[in-house]
Amino acid sequence: MSSGREYNLKRSRMVNRRFALVIALCIVSFLGGCRNESQNSTQNPEPSIPVTLFFDVFNHTQGFLKSFEKNILSDEDLTVRIMDLGIEGVDEERIVIRKGRFGELVALSKTGGVTFKAPDSNKKFTVYVMNESNGADYKKVDTWIETNQGILEYTPYMKWRREDRNSFEGPEDVIRDAFDQLNQALDYSWAKYGSFQRANHKKESHFGVGYGFCRNQFGWHSPYWAGVNPEHCATYEARLSTFLEEVFELVTRLDDIGGKDTASMIANPDTGEFNDTGRDLLAYVFVKDKKSRT
């Protein structure tokens with residue numbers, strides 16, 4: 001009986017070894033096939049084909065400048081430089097390229113030119129260059145580009161809700177006027193860069209806006225709320241410029257780009273209204289943002 005059990009044990013071990021060997025051979029064969037396929041795909045890449053790329057160039061807040069096209073092979077690198085476009089009245093360093101009129105971001109740069117690979121079929125693109133006529137200092141916005149500032153906090157289509165804090169209250173009209181002016185800075189005949197829409201419920205909105213203690217300052221914001229202290233901002237003009245400042249800073253992740261405050265750069269000191277510099281800077285942040293437009 002003992003010898004029978006030993007025989008069966010040896011036979012079982014032999015079967016297991018053969019089974020393991022078969023599995024190993026299968027794995028080696030599979031990996032070898034994958035390697036061959038990889039080598040074949042590397043050795044035989046898809047051939048490049050001629051494509052035509054169509055470009056419309058826009059001053060980002062002033063409108064259409066020119067069109068041009070490039071004939072190139074697919075997958076080749078294409079470089080577009082501002083200095084080669086033969087245009088004036090724009091910042092010499094900042095350039096953005098998007099698919100279609102205002103689709104997916106293709107490339108952006110603050111060094112005067114961009115390089116990207118040509119697609120495998122004919123495509124239309126838009127080149128956005130930044131308006132210079134209002135003296136906007138774009139460095140104030142993109143000093144920290146690609147880190148944590150000068151980019152959108154939320155989707156380009158944001159929703160806000162009315163939210164007062166600390167038992168403070170104030171008029172609705174100045175808040176509405178602030179958002180009307182912000183929306184006008186983003187809506188053009190050639191493209192809509194984004195928008196601010198009123199939401200009725202907290203769960204539908206990205207952030208709240210209203211009156212509050214604001215740490216005993218003129219205004220204050222966090223990523224979730226922007227407000228004005230109505231006791232420190234007693235006039236319509238002061239409240240409007242402060243609401244513009246706090247919302248601008250909230251959505252762009254920026255603070256005090258005007259030195260002592262942001263309002264001194266983006267708002268008219270007499271009327272409190274959003275000025276041309278503020279419109280150029282806000283639109284720039286939306287134009288270069290990578291977030292999906294859908």
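Is there any pair linking a residue in region 55-76 that is basic (Lys, Arg) to one that is assigned to a strand (DSSP E or B) and surrounded by 12 or more Cβ atoms within 10 Å (Cβ to Cβ), with Cβ under 7 Å and at least six apart or on different chains, and which?
From residues that are basic (Lys, Arg), the pairs are Lys66/Val57; Lys70/Leu53; Lys70/Leu78.
Only one residue in His206, His232 is surrounded by fewer than 23 Cβ atoms within 10 Å (Cβ to Cβ), within 18 Å of Asp164 (Cβ to Cβ), within 23 Å of the chain's Cα centre (by Cα) and in contact (Cβ under 8 Å) with a residue 12 or more places away in the chain, so which one is that?
Matching residue, one of His206, His232: His206.
Identify, by number, the condition in (1) assigned by TED's automatic domain parsing to the domain that holds Gly227; (2) more than 25 Å from Phe274 (Cα to Cα); (3) crowded, with 19+ Cβ neighbours inside 10 Å that Ser167 doesn't meet.
So the condition that Ser167 fails would be (3).
Which residue out of Lys124, Lys110, Lys99 is in contact (Cβ under 8 Å) with a residue 24 or more places away in the chain, among the basic types (Lys, Arg) and touching a Ser or Thr at 6+ places or on another chain (Cβ under 9 Å)?
Lys99
Just to verify a result, which residue in region 51-109, among those that are of a type in the set (Lys, Arg) and either modelled with pLDDT under 95 or surrounded by fewer than 16 Cβ atoms within 10 Å (Cβ to Cβ) (or both), is nearest to Lys124 (Cα to Cα)?
Among those residues, the one meeting the criterion is Lys99.
Restricting attention to region 242-283, and to residues there that are under 17 Å from Met130 (Cβ atoms) and assigned to a loop (DSSP other than H, G, I, E, B), which single residue is modelled with the highest pLDDT?
Asn275
Kindly indicate whether any position in region 181-191 is over 29 Å from Gln62 (Cβ atoms) and either surrounded by fewer than 14 Cβ atoms within 10 Å (Cβ to Cβ) or in contact (Cβ under 8 Å) with a residue 40 or more places away in the chain (or both).
No.
Tell me yes or no: at least one residue of region 211-219 is within 15 Å of Ala263 (Cβ to Cβ), surrounded by fewer than 13 Cβ atoms within 10 Å (Cβ to Cβ) and either among the hydroxyl-bearing types (Ser, Thr, Tyr) or without any contact (Cβ under 8 Å) to a residue 60 or more places away in the chain (or both).
No, region 211-219 contains no residue that is within 15 Å of Ala263 (Cβ to Cβ), surrounded by fewer than 13 Cβ atoms within 10 Å (Cβ to Cβ) and either among the hydroxyl-bearing types (Ser, Thr, Tyr) or without any contact (Cβ under 8 Å) to a residue 60 or more places away in the chain (or both).
Check Asn134 against each of (1) under 29 Å from Ser74 (Cα atoms); (2) surrounded by fewer than 16 Cβ atoms within 10 Å (Cβ to Cβ) and name the one condition it does not meet.
(1)
Looking at region 121-143, can you tell me whether even one residue there is closer than 25 Å to Thr252 by Cβ, at pLDDT below 95 and of a type in the set (Val, Ile, Thr)?
Within region 121-143, one or more residues are closer than 25 Å to Thr252 by Cβ, at pLDDT below 95 and of a type in the set (Val, Ile, Thr).
Would you confirm whether any residue within region 111-123 is surrounded by 13 or more Cβ atoms within 10 Å (Cβ to Cβ) and in contact with a helix residue (DSSP H, G or I) (Cβ under 6 Å, 6 or more places away or on another chain)?
Within region 111-123 (the criterion being surrounded by 13 or more Cβ atoms within 10 Å (Cβ to Cβ) and in contact with a helix residue (DSSP H, G or I) (Cβ under 6 Å, 6 or more places away or on another chain)), the answer is yes, since at least one residue qualifies.
Give region 253-284 a look and list any residue that's surrounded by fewer than 21 Cβ atoms within 10 Å (Cβ to Cβ) and among the small types (Gly, Ala, Ser), or say none.
Gly258, Gly259, Ser264 - these are the residues of region 253-284 that are surrounded by fewer than 21 Cβ atoms within 10 Å (Cβ to Cβ) and among the small types (Gly, Ala, Ser).
I need a count of the residues in region 95-117 that are within 22 Å of Glu132 (Cβ to Cβ), among the hydroxyl-bearing types (Ser, Thr, Tyr) and assigned to a strand (DSSP E or B).
Residues in region 95-117 being within 22 Å of Glu132 (Cβ to Cβ), among the hydroxyl-bearing types (Ser, Thr, Tyr) and assigned to a strand (DSSP E or B): 1 in total.
The values are calculated or read from the model by the stated rules, or taken from the named source; none is laboratory data. All figures in this text were calculated on a predicted structure; none of them were measured in a lab. Virtual Cβ from ideal backbone geometry, glycine too; neighbours counted across all protein chains shown.
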